[in-house]
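Q: Next up is a structure, given as structure tokens.
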Amino acid sequence: MDFSKPLSTDDLQELEKMFRGLATFNSSDGGWLPASSIPELVKTMGYSRTEEQVLAYQEHFQTYHGGVLTLKEFLEVAATLHKTRLFAKEYASKFDTNGSGFISAEEYAMLMTVLVKHDPRLPKKSFEEFLAEADTNQDGKVSLEECSQWIEENLDGSSLGSAGDLGTLDDLE
């Protein structure tokens, strides 16, 4: 599967089958996997990530999502992997824990922890630097849209998730 291009309906159905096919899949509440299954899921789907990246995803879901990755969340994120801005917006919206539509300093810290591991090309900036650069309408806040735009610009608009771009998980067994 080529994660550098938009996934087709067939691709998403195939990913759903992979998700449901893992031994740790739980069918309650729409379906979910324990966070500890994320390395196996990433390997099964052929998504090329480093061990550090996969462990960061696992830690994120363990810490901020009650130790589970739901099928719904998985498919939403998978559908955005081909386009940096979509991926960033999807992730940013999940870190908007108070539902305000804006990224607070605390939410930014959580978001950047995951995104920098996901794509190390993203510059590590303080919240103040981020606010100064990303707040394009100068209202003193960073909206989800401004956040995703800033991420895209700081990655030169490149795609995330190209096959073979960051190593493999063969040593994660």
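Q: With an 8 Å Cα cut-off and a minimum separation of 6 or more residues, compute the relative contact order for the chain in percent.
A: 31
Q: A further question follows. Would you please classify the overall shape of the range 31-71 from the alpha carbon gyration tensor, given that a ≥ b ≥ c denote the square roots of the eigenvalues, rounded means a/c under 1.5, and beyond that prolate means a/b larger than b/c while oblate covers the rest?
A: On the way: a/c = 2.71, a/b = 1.33, b/c = 2.04.
Note, shape of the range 31-71 comes out oblate.
Q: Could you work out how far apart the two model spin labels at THR113 and SER36 are, taking each label as a point 7 Å from the Cα in the direction of the beta carbon, and quote it in nm?
A: Here the answer is 2.1 nm between the modelled labels.
Q: What FRET efficiency, computed as 1/(1 + (r/R0)^6) with R0 = 22 Å and r the Cβ-Cβ distance, is obtained for ASN26 and LEU55, rounded to the nearest 0.05?
A: Efficiency, rounded to the nearest 0.05: 0.50.
Q: Okay, moving on. Of the peptides 120-128, 106-114, how do they stack up when ordered by the mean number of other Cβ atoms within 10 Å, highest first?
A: Packing order, densest peptide first, comes out as 106-114, 120-128.
Q: Work out the length of the dipole vector of the chain about its Cα centre, built from +1 on the beta-carbon of each Lys and Arg and -1 on the beta-carbon of each Asp and Glu, and round it to the nearest 20 debye.
A: In total the dipole reaches around 260 debye.
Rule-based calculations on the coordinates, nothing more; no lab input. What you are looking at is a predicted structure, and each value in this text was computed from that prediction instead of being measured. Backbone-built Cβ (ideal geometry, glycine too); neighbour counts: all protein chains shown.
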